[in-house]
Amino acid sequence: MNLFKLFFSVSLLSLTVSGFTQTVGDSVKQLKVVEITTSRSGNFAIGNKSETLDSSLLDRYSAGNLAEVLTSESQLFIKSYGLGSLASSSFRGAGAEHTSVLWNGFNLQSPMNGQIDLSLIPSDFVNEVNLQYGGAGALWGSGAVGGTILMNNSGRFNRGTSVSMSTSFGSFGDMRQQAGVEISKKRVVSSLKLFNHDAKNNFPFINSAQYGNREQQQSNAELKEYGLLQENYFQINAHQKINTRFWYQFNNRNIPPSMTQNINAANQKDELYRATTEWQRTGDKLTILARIAYFDEGLRYVDSIIHLDARSRTKVTIAEAEARFSITKFDLVNIGINNTYSEAIDTSDYIVNPTQNRVSLFASYKLHSKNNNWNAVISGRQEFIKSKTIPFTPSLGIDVKVLKYFIVKANVAEHYHLPTLNELYWGQGGNPDLKAESGWSEELSLIHKHHYKGFSWELGGTVFNRNIDNWIIWLPNNYNIWTPENVLQVWSRGVEYKLNLSYSVRKFKVQLSGMYNYVLSTNEKAATANDASLNKQLIYVPIQNAQGNITVSWKGTVVSYTHVYTGYRYTSSDNLEYLKPYAIGNINIGQTFLLNTSKIKVFVQLNNVWEETYQVLAYRAMPLFNYQAGLAVYFNQPNKQK
Amino acid sequence: MKKNKLIYASILAFSITISGCKKDDPETPAEVTPSVSYSNGVFITNEGPYGTGTGTISFYSRSSGSVSANLFGAHNTYPLGNVVQSMEVFNSQGYIVVNNAGKVEVVDATSFNSQGAINNLVNPRYFLGINNSKGYVSQWGSGATGEVKVIDLATKAVTATINTGNGAEGMVKSGNNVYVACSGGYVTDSVVTVINTATDAVVTNITVGANPSSIKMDANGKIWVICGGEWNGTITALLKTGRLVRIDPTTNTVDFSLPFSSTTSSPSHLVINNTGTTLYYMYNGGVYSQSATSASLNATLVINRSFYGLGIDPTNNYFYGSDPGNFSSNGKVIRYNAAATVLDSFNVGLIPGNFCFQ
């Protein structure tokens, strides 16, 4: 029972490591944990605050996208342009390009603008999402400044053959169909997932920026998207595993006007191909991992009103290798190399289509006590790009169990964000001399965990501090050409609290959770003479936000209510203009019927039940009450026992 | 348990300390004191953030030197809309051109109360009053050419469309004709379109330099137009340099065309003093002057600073230059007297672009 032992020690470790684990009874959890052993995050992300959104939580949002999940279930601020529109994330008051988004270890941030649209990631395409707060340049490289979103897929062996299908419909012409098939043998897992989503998004709203009749319907907001995810996992022998993944997706969205714009005829099409493979060899002394990814992503934005037809396409190849070994019983070493080659093709935005090759070397050294009461990790990364100086980024993290029920975590790390291809080479104003944005972040967390009879609780508080120097902004130069410069210096600091309570007796379970953030993120350097943004909060960074959730489950029924509060956000950098706070309540009801190894699930998602009129971005309309309802069926034929 | 309490208490104490550092609620900006009437002063059009915000109008009172912010928002129940391009006062009505929202908001010029809007425009730029019942709005449009929309001022409806060169921009009226500088819009062009205001028909297209943007008439009735030149595809150098061109409206021909030398600076923002004898424009990081009687480029530096917007007060020939700062916070207007000596400056809204003197 070697595997069992491994699982046991690992789950223990993951309990210590992940500060806030949301667990709603899930039968597949055990096998998933085994995957975590080999991940860099599980082993070396020490001292940072982290949150895990597991498969059962993601399952509640199976008919949605990652932006919707994170808006309701995380402490991130999701900057959404509206229903089905562009959504980016902000960790602790940093920018969208300061969130590193990793899919099974591969960075998905666009080399052109350093961002990723989270509304384009279907939540049922990932099995688990891990949010790591804080800078982590040493572990994750460029972009891991505010925090890192780790999206993971995992194969589950020996589960037989299963077929799943689901369909949902909702307000404003929302229709989604999903299908999946999985063949899971002892040594091979192969699965295919498909989805199709159409929405009109023609929700009614009151246009407060309109003269005369203010009752309007959102226009030019139609959306069509479809995609597939194909995964294969092979257990070659007791020591070797290999997997491959292929993700294709096509999105066709019209871009709705803002309230102050009246009409818009813009359309955006995104098409992406992502292929990855990973091989790992686990030995008694040495574990080796090698992975390769190839991403081909294209975008076409057409606005007939202003005669704009902009295309862009990028190809990214990532190759990474890691070796992991122990010198003594109480340590673990990881060394690795990453090579990322990016090129922009078929775009009119550049004079010459740029290419970029980046090599980085990274290493971590972990020490832990015999009983895992404490873990300490020191890491470093050095990245190399031709004719650019990139700072060496070290980090130091520690997790300590104290007084039996407490965990103290501390982390100090340097972080950096390389200028994007747009910033460097944009045809009209690109600045090839830009330096990387960089700085330090520090954080300290205290977590209290305990359980008593049917009760269990967890309380956590984190204090953080972060500086980002050479923050890049675009300003017009002497010839009135907009050009990016390393000008601002942003200081962010704040506190974050989290509370989880749960009570379970037999098949009944109640969970309560709450989160609160207080974040100041201010510019400390004048970009121009008499810069009015000096010492002022960055725009669209809420100082306060809070979230509460209550989930009641009984047998196959799960009822969940989530309340999200977002505080004031400034819309001008002198902090004279702002948007009012809002609070959104959502209800999710799911009923699962089990029939042997098959199941049927009926679910209803009710959004904005208190009919709050709100704006995430100034003058971008958001819908009042809306819903989604759906049915999912899952058939499973277990493997025959030999 | 005592220890636990202590830790919670310290967390709480710490958070209160942090929270105490800054107020949660933003300070309410100073309320606008609605002046009884906005006469004897200068309207400043503030573009506002592109894409998702609203522009505003600020007012500078010549008599008191006071500045009122956000006039439209203060006197009406809705904001102006996205990207406020320009404003013109005609027959005591203010016509505010809101570019991205495709409309012209009409207000009473002294009370700033809304009088309705001219809608269904595409990328409108400037308004010009023709007579008591008719106005013109230049716009880039969405078709193959620029356009001038003919507006019935009573109903605020578009009654006709006149096709012009690409990117219809600045307009000036001379006798029965209106001269429209066609700035190129989404592409490029090099004509001034002449329109007969009685028939709303195009009289002719006069070829000037590349991409003419602003246009003025001098004391002798001559029409001056400044041409920005034509940039290469990446906007790093001018393929055709800028030009200052004079047109004789009696013959609709070019009197002379004066080329600028710079291949990296595009001249713009042509204004004229109240006697119609001296023109000013922005070029090469400064404000330059040109005598209306000179047939060669004077290129006399007047103010050694560039602005985002430039205006000249017809009552006293004072210069008004705007500075949008970092483009995401309130901008500034700097005043200079007729001798181009700095007088003072005042704060206005986000991205101040144009002036309208009342």
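A short reminder: the numbers here are calculations on the coordinates, not readings from a lab. Owing to the predicted nature of the structure, the values given are computational and were not obtained by experimental measurement. All Cβ positions, even for glycine, are placed from backbone atoms using ideal geometry, and neighbour counts span all protein chains on display.
Taking each residue as 0.36 nm, the span from residue B:315 to residue B:155 lengthens on full extension beyond its C-alpha to C-alpha distance by 54.4 nm. Using only side-chain charges placed at the Cβ, +1 for Lys and Arg and -1 for Asp and Glu, the dipole size of chain A relative to its Cα centre rounds to 2820 debye.
Here the residues A:390, A:473, B:151, ranked from fewest to most Cβ neighbours within 10 Å of their Cβ, fall in the order A:473, A:390, B:151.
By the scheme Lys and Arg +1, Asp and Glu -1, what is the net charge of all other residues having a beta-carbon under 12 Å from that of residue A:188?
So the surrounding residues net to +4.
Taking other residues whose beta carbon is less than 15 angstrom from the beta carbon of residue B:253, and scoring Lys, Arg as +1 and Asp, Glu as -1, yields 0.
Label separation (residue A:408 vs residue A:175): 6.0 nm, computed from points 7 Å beyond Cα along the C-beta direction. Cα centroids of the stretch A:211-228 and the stretch B:67-85: 26 Å apart. From the alpha carbon centroid of the stretch B:329-358 to that of the stretch B:268-285 is 16 Å.
Per residue, the convex hull spanned by the Cα atoms of the stretch B:5-357 measures out at 174 cubic angstrom. Between A:341, A:166, A:454, the Cα set farthest toward the positive side of the dipole of chain A (charges on each charged residue's Cβ, about the Cα centre) is that of A:454. Taking other Cβ atoms within 10 Å as a rough exposure proxy, B:356, B:182 sort from fewest to most as B:356, B:182. For residue B:248 and residue A:300, the FRET efficiency from 1/(1 + (r/R0)^6), where r spans their Cβ atoms and R0 equals 60 Å, is about 0.80. The charge dipole of the stretch B:5-357, taken about its Cα centre with unit charges on the Cβ atoms of Lys, Arg (+1), Asp and Glu (-1) only, comes to about 280 debye. Of the three principal axes defined by the Cα atoms of the stretch A:3-637, the extents in descending order read 66, 54, 46 Å. Dividing the convex hull volume of the alpha carbon atoms of the stretch A:508-642 by its residue count gives 178 Å³ per residue. Could you check how many percent of all C-alpha pairs in the stretch A:243-384 are farther apart than 17 Å? Across the stretch A:243-384, Cα pairs with separations above 17 Å total 73 percent. In chain A, a dipole from Cβ-located charges (positive for Lys and Arg, negative for Asp and Glu) runs towards its positive end, and of A:363, A:400, A:430 it is A:400 whose Cα lies farthest in that direction.
Sparse packing (at most 12 other Cβ atoms within 10 Å of the Cβ) combined with a DSSP loop state is found for the following trypsin sites (Lys or Arg not before Pro) in the stretch A:412-520: A:453, A:506, A:507. Return one number: the angle in degrees, 0 to 90 and rounded to the nearest 10, between the long axis of the Cα atoms of helix B:2-21 and the longest principal axis of the Cα atoms of chain B. Taking the Cα atoms of chain B, the angle to B:2-21 is about 30 degrees. Each of B:293, A:287 was scored by other Cβ atoms within 10 Å of its Cβ. Arranged with the fewest first, they read B:293, A:287. Positive end of the dipole of the protein assembly as shown (Cβ unit charges, origin at the Cα centre): among A:183, B:143, A:72, the Cα lying farthest that way belongs to A:183.
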